[in-house]
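Novice: One structure is given below, represented as structure tokens, and several questions about it will come after.
The values are calculated or read from the model by the stated rules, or taken from the named source; none is laboratory data. A quick note: this is a predicted structure, and the numbers were derived from the prediction, not measured. Here Cβ is always computed from backbone atoms with ideal geometry, including for glycine, and neighbour counts include all displayed protein chains.
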Amino acid sequence: MIQKKICLLGATGVGKTSLVKQYVEGIFSEKYLTSIGVKIDKKQVETNNQTVQLMIWDIEGIDRYCGFQAKYLRGASAFIIVTDHTRSQSLVEGLDILKMVKEVADIPGVLAVNKVDLPASWHWSETELAEIKQGFVQFFNTSAKTGDGVEPMFTHIANLLTA
Amino acid sequence: MDASLLAALGFLDCIVFQRLSPTEFEVLYKAGNWLDELLPETVGSKIFSFEHNSAYLEDFLIDAENLWLVNKNGRIDSGMWSEQLSNQVIRLEASAVVADKQSYLIVNKLNAKYKQKQETLQIARESLLTADKISAQHDYLHARLEELLSEPERALTANQPVTQALAQTDLGVAIFDADLLLLNSNPALRSIFDDSNIKTNLPPDKLLLELFRNQYPECERIFSTASAWSGEIFWLNPPLQGKWLKLSIQPIKNDAQIVQNWLFSVSDVTQIKYLLKRNEKLTHFDVLTNLPNRQYFWQNLEKKIQQNRPFYLLYLDIKQFKRINEIHGHLIGDEVIRELSIRLNNLVNADDMIAKIGGTEFAVILELKHSHAQISSTDRDYAVTFAEKLIGTSCLPFYLSSGLKCEVGLNVGVAAFPKDSSSAEDLMKYADLAVYAAKKRSISSISFYSKELVDASRKRIEMEDALRNAVQNHEFELYLQPILDLSSGQIIKAEALIRWHHPDGHMVSPDEFIPLSEQTGLIIPIGKWVIKEACAILKRLESQCEPIKLSINLSPRQVGDRQLFEFISDTLIEYQVNPQQLEIELTEGVLIDNYDKVHFLLDEVRKLGISISIDDFGTGYSSLAYLQKLPIDQLKIDRSFVNEINENSQDSDGAIILAVIAMAHNLKLEVIAEGVETELQRDFLKQHNCNIAQGYLFSRPLPFDDFCKLLHKTL
């Protein structure tokens, strides 16, 4: 069975850990608990062609306390940049991270617009978002709370990597 | 391995492996039983090979192997990671070590350390997220209201969209007129200050202004220079605990860059302060840099004054930092500030104090090495040397973890105790005024507070006021300097140069008012006037003289104006001028600083038929890549190179001009020489195939009528 490494990146508090927890364990907790360092979870996915084991690297939120570490992308097949649509700055930071990733790795990236169970309160216009999405192979509206968009996102990546 | 020795070394809950070969390891020591579950391949055999049971650890082995191969004493760490075992999550960090030619891998279980770090970061990040949301609300509100308020026909009191915007926000908002009289406020502002236990005699808007005035000595300067400001104020309302309020102040200017309104937005950040207080370190220290924060600095400044020994207060402001954030993003911006704070801190003596007192501002209390009552010129020299060191270290490039290289500068404002004042408030105010004066210079500078500085600042404000009225009062005039074809001696085009006839009768040099108008944003209306006037002149030239091309200069700020292209194309239509008669000139600096915007703008103006010239070529960044990428028609060789051609010049003095001419011809660009003053220079240029020139040898810049006469003569 082939394995594929996927890195989850994004600003602090956007819900990276919650997305993985929802996807791997089907659990969601309302309480925000900040992550330190890296945690790797595995999940097998049946794609159109074969079974693939996703190695999902949940990486500590990038902010003033924790910088971007290019070494975490070593051997990665894809990355997800998670943003929170209740916080405009999370997309600004997501785009900063995208720039840094592009400098060190030529792998496909997916944009996750998370917390869609909450009303959007960021100030990005549809036109701006459309332009931003161009930098990614795909984007998904996700909710770690309800599970919306979570499984389709990982399945899409698995299919992409085994196509 | 001796367990007591490991305990003494602080390695308690750990595993130690010795690397025998790139694929073989030996277990030297293990504590607890988590290793068996984490790496089952180690069970039953001391010597083992990794079997892909810990992806993170095996990824780290790639870095470790590099260290082990070098085989010199040293150590690298993996960073923390978590592993899910059957009934627990363990937090680990690995270290690769070389000691006495032996290679080791140590894996520490750090659950307690992880928990401690998580608790600290939890508080810091929760407060960061809350503060982030509040800042975003302020920014959004400012942008929305600025848009609504800058429309001239809006009547504030009965303005439906403004009232709606105010009602919809959770932020307290007060809108003042230019004289700080309240025009409008919202219920959220009243609820922030509404406390039934408190008897305030002042309405919320007046209370807000008073708190700001009392707590920030910078306030006068902010209002007099129409600057934006953001920070925190404290409302002490005994017997309750008081409220911390985040206040943002924004001047709203009209098209002529005159302040119409002041917008104040306020939010209650007491909760964030409470969160920070739970972590004692964070109450007195800046979370980004770990330096003392403004409150702590203020306390120390007051203590210092009580000691009644002379000292200097230095106010430091990072130069052009906004650009770093705009170009590279906030994360890079934070990294630069953190690195800069380390560099600055390294230069500060143990007796001195450095603090981060604002987003891009630091302050230093510089002790003097004596106990004399007064400050001497030697002390001043000492302060200058110290400030120069701070500037020197700031100007060194920053090489960031992502591989990027950034550069910033530093402005330093200095006030002296007790020479300038004996009050903490005044010292801060004066040092702030001094740094504001330093900011006006294009390079990193030091400025000492003085009466002259205040006078210069007043003069500057007066000139700014006069400049604001200059467009309306028709005080500007465009002079035209002919540009000639050297082979025929004919005028082929002209450069339009602005002149200001000050109401007091003297002519103000563009060198004096253009930088000021660039800093204040007045360059936008002035630049628009230039474009309109140039089109009007082109029309008159067409009807009265001979139609020739006219070039106008665009400044960096103009290029950043999103409406510039639309304005140029509308004006050309309004005056029915053929776009091919117009040329725009940009300096190299504008190209580099605003590359994306410039690229877009130049493509668009080129499509219209306007030609493009690079001004002062050779004095800027010497990054030549843009010459091929951008739609450029001409290079103008800077006058400083032309000046070097004289009777005493050596062969090498013309080398740059020759190189520019050759390069331009290869790139199929025209070359224009500026500042030609002698026949020798003209002949040199002609001889080397530079056939277009301007300068005093041919004509100074002339008023329109004189230019027309000259044009007739040469035809």
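Novice: Taking the condition of being without any contact (Cβ under 8 Å) to a residue 12 or more places away in the chain and either in contact with a strand residue (DSSP E or B) (Cβ under 9 Å, 6 or more places away or on another chain) or in a helix (DSSP H, G or I) (or both), how many residues in the stretch B:364-406 meet it?
Specialist: Of the residues in that region, 8 qualify.
Novice: For the stretch A:12-33, check the following and say yes or no: at least one residue is over 27 Å from residue B:122 (Cβ atoms), away from chain B (no Cβ under 12 Å) and out of contact with any strand residue (DSSP E or B) (no Cβ under 9 Å at 6 or more places or on another chain).
Specialist: The first filter runs over the stretch A:12-33 and keeps only residues over 27 Å from residue B:122 (Cβ atoms), leaving none.
Within the stretch A:12-33, none of the residues are over 27 Å from residue B:122 (Cβ atoms), away from chain B (no Cβ under 12 Å) and out of contact with any strand residue (DSSP E or B) (no Cβ under 9 Å at 6 or more places or on another chain).
Novice: Something else: State whether one or more residues within the stretch B:74-91 are among the aromatic types (Phe, Trp, Tyr), in a strand (DSSP E or B) and over 19 Å from residue B:53 (Cβ atoms).
Specialist: Scanning the stretch B:74-91, I find no residue that is among the aromatic types (Phe, Trp, Tyr), in a strand (DSSP E or B) and over 19 Å from residue B:53 (Cβ atoms), so the answer is no.
Novice: To continue, here is another question. Determine which member of the set B:124, B:94, B:136 is in contact with a helix residue (DSSP H, G or I) (Cβ under 6 Å, 6 or more places away or on another chain), surrounded by 16 or more Cβ atoms within 10 Å (Cβ to Cβ) and assigned to a helix (DSSP H, G or I).
Specialist: Being in contact with a helix residue (DSSP H, G or I) (Cβ under 6 Å, 6 or more places away or on another chain), surrounded by 16 or more Cβ atoms within 10 Å (Cβ to Cβ) and assigned to a helix (DSSP H, G or I) holds for just one of B:124, B:94, B:136, which is B:136.
Residues are listed down the side, and each one gets a yes or a no for (1) farther than 29 Å from residue B:476 by Cα; (2) not β-branched (Val, Ile, Thr):
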position	(1), (2)
B:654	yes, yes
B:678	yes, no
B:693	no, yes
B:711	no, yes
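Novice: Next question. Pull up the stretch B:598-625, narrow it to residues that are buried (at least 17 other Cβ atoms within 10 Å of the Cβ) and modelled with pLDDT under 85, then point me to the one that is farthest from residue B:639 (Cα to Cα).
Specialist: Among residues in the stretch B:598-625 that are buried (at least 17 other Cβ atoms within 10 Å of the Cβ) and modelled with pLDDT under 85, the one farthest from residue B:639 (Cα to Cα) is B:598.
Novice: Is it true that some residue in the stretch B:260-282 is assigned to a loop (DSSP other than H, G, I, E, B), at pLDDT below 85 and more than 14 Å from chain A (Cβ to nearest Cβ)? Step through it out loud before you land on a result.
Specialist: In the first step, residues of the stretch B:260-282 are kept if they are assigned to a loop (DSSP other than H, G, I, E, B); the result is B:269, B:279.
So of that shortlist, the ones also at pLDDT below 85 come out as B:269, B:279.
Next, only the ones that are more than 14 Å from chain A (Cβ to nearest Cβ) stay: B:269.
The answer is yes; a qualifying residue exists.
Novice: In the stretch B:474-489, is there at least one residue being in a strand (DSSP E or B) and among the hydroxyl-bearing types (Ser, Thr, Tyr)?
Specialist: Yes, the stretch B:474-489 has at least one match.
Novice: Of the residues A:25, A:60, only one is of a type in the set (D, E, K, R), under 24 Å from residue B:52 (Cα atoms) and crowded, with 19+ Cβ neighbours inside 10 Å; which?
Specialist: Testing whether each residue is of a type in the set (D, E, K, R), under 24 Å from residue B:52 (Cα atoms) and crowded, with 19+ Cβ neighbours inside 10 Å leaves just A:60.
Novice: Among the residues of the stretch B:53-81, what is the count of those that are touching a Gly at 6+ places or on another chain (Cβ under 8 Å) and either free of Cβ contacts under 8 Å to residues at least 12 places away in the same chain or of a type in the set (Val, Ile, Thr) (or both)?
Specialist: Residues meeting the conditions: 1.
Novice: Give me the residue from the stretch B:311-366 that is of a type in the set (Lys, Arg) and away from every other protein chain (no Cβ under 14 Å) and, out of that set, nearest to residue B:441 (Cα to Cα). Before the answer, list the steps.
Specialist: Let us first name the residues in the stretch B:311-366 that are of a type in the set (Lys, Arg), namely B:319, B:322-323, B:338, B:343, B:356.
Then keep just the ones that are away from every other protein chain (no Cβ under 14 Å); that gives B:319, B:322-323, B:343.
On the way: B:319: 10, B:322: 16, B:323: 17, B:343: 23 Å.
The residue in question is B:319.
Novice: Follow-up. Of the residues B:89, B:16, which is within 14 Å of another protein chain (Cβ to nearest Cβ) and farther than 22 Å from residue A:74 by Cα? Full working, then the answer.
Specialist: Values: B:16 fails: within 14 Å of another protein chain (Cβ to nearest Cβ).
Only one candidate passes the filter, namely B:89.
Novice: I would also like to ask the following. Scan the stretch B:97-121 for residues that are hydroxyl-bearing (Ser, Thr, Tyr), buried (at least 18 other Cβ atoms within 10 Å of the Cβ) and within 11 Å of another protein chain (Cβ to nearest Cβ) and report the count.
Specialist: First, the residues of the stretch B:97-121 that are hydroxyl-bearing (Ser, Thr, Tyr): B:103-104, B:114, B:120.
In the following step, the residues that additionally are buried (at least 18 other Cβ atoms within 10 Å of the Cβ) were identified as B:103-104, B:114.
Applying the additional criterion that residues be within 11 Å of another protein chain (Cβ to nearest Cβ) yields B:114.
The number of residues fulfilling the criteria is 1.
Novice: In the stretch A:34-80, how many residues are closer than 24 Å to residue B:122 by Cα, part of a strand (DSSP E or B), within 11 Å of another protein chain (Cβ to nearest Cβ) and under 17 Å from the mean Cα position of the chain (by Cα)?
Specialist: Result for the stretch A:34-80: 9.
Novice: Moving on. Within the stretch A:97-140, which residues are without any contact (Cβ under 8 Å) to a residue 12 or more places away in the chain, within 14 Å of chain B (Cβ to nearest Cβ) and more than 19 Å from residue B:330 (Cβ to Cβ)?
Specialist: Result: A:125, A:131.
Novice: Answer yes or no: is there a residue in the stretch B:532-540 that is farther than 18 Å from residue B:703 by Cβ and without any contact (Cβ under 8 Å) to a residue 40 or more places away in the chain. Quick ask: steps written out before the conclusion?
Specialist: Step one: list which residues in the stretch B:532-540 are farther than 18 Å from residue B:703 by Cβ, which gives none.
Scanning the stretch B:532-540 turns up no residue that is farther than 18 Å from residue B:703 by Cβ and without any contact (Cβ under 8 Å) to a residue 40 or more places away in the chain.
Novice: Identify, please: which residue in the stretch A:81-96 is more than 21 Å from residue A:151 (Cα to Cα) and in contact with a Phe, Trp or Tyr (Cβ under 9 Å, 6 or more places away or on another chain) and is, among those, farthest from the other protein chains (Cβ to nearest Cβ)?
Specialist: By that ranking, first place goes to A:91.
Novice: Scan the stretch B:37-81 for residues that are small (Gly, Ala, Ser), in contact with a strand residue (DSSP E or B) (Cβ under 6 Å, 6 or more places away or on another chain) and more than 10 Å from chain A (Cβ to nearest Cβ) and jot them down.
Specialist: Answer for the stretch B:37-81, where residues must be small (Gly, Ala, Ser), in contact with a strand residue (DSSP E or B) (Cβ under 6 Å, 6 or more places away or on another chain) and more than 10 Å from chain A (Cβ to nearest Cβ): B:64, B:74.
Novice: If you don't mind, there's one more thing I want to ask. Answer with yes or no whether residue B:713 is assigned to a loop (DSSP other than H, G, I, E, B) and among the charged types (D, E, K, R).
Specialist: no
Novice: Determine which single condition residue A:117 fails, assuming it passes every other condition in (1) surrounded by fewer than 17 Cβ atoms within 10 Å (Cβ to Cβ); (2) assigned to a loop (DSSP other than H, G, I, E, B); (3) in contact with a helix residue (DSSP H, G or I) (Cβ under 8 Å, 6 or more places away or on another chain).
Specialist: Status for residue A:117: all satisfied but (3).
Novice: Follow-up question, since we're still on this one. Restricting to the stretch B:35-73, give me the number of residues that are closer than 22 Å to residue B:99 by Cα, of a type in the set (A, V, I, L, M, F, W, C), in a helix (DSSP H, G or I) and more than 42 Å from the chain's Cα centre (by Cα).
Specialist: Selection size over the stretch B:35-73: 3.
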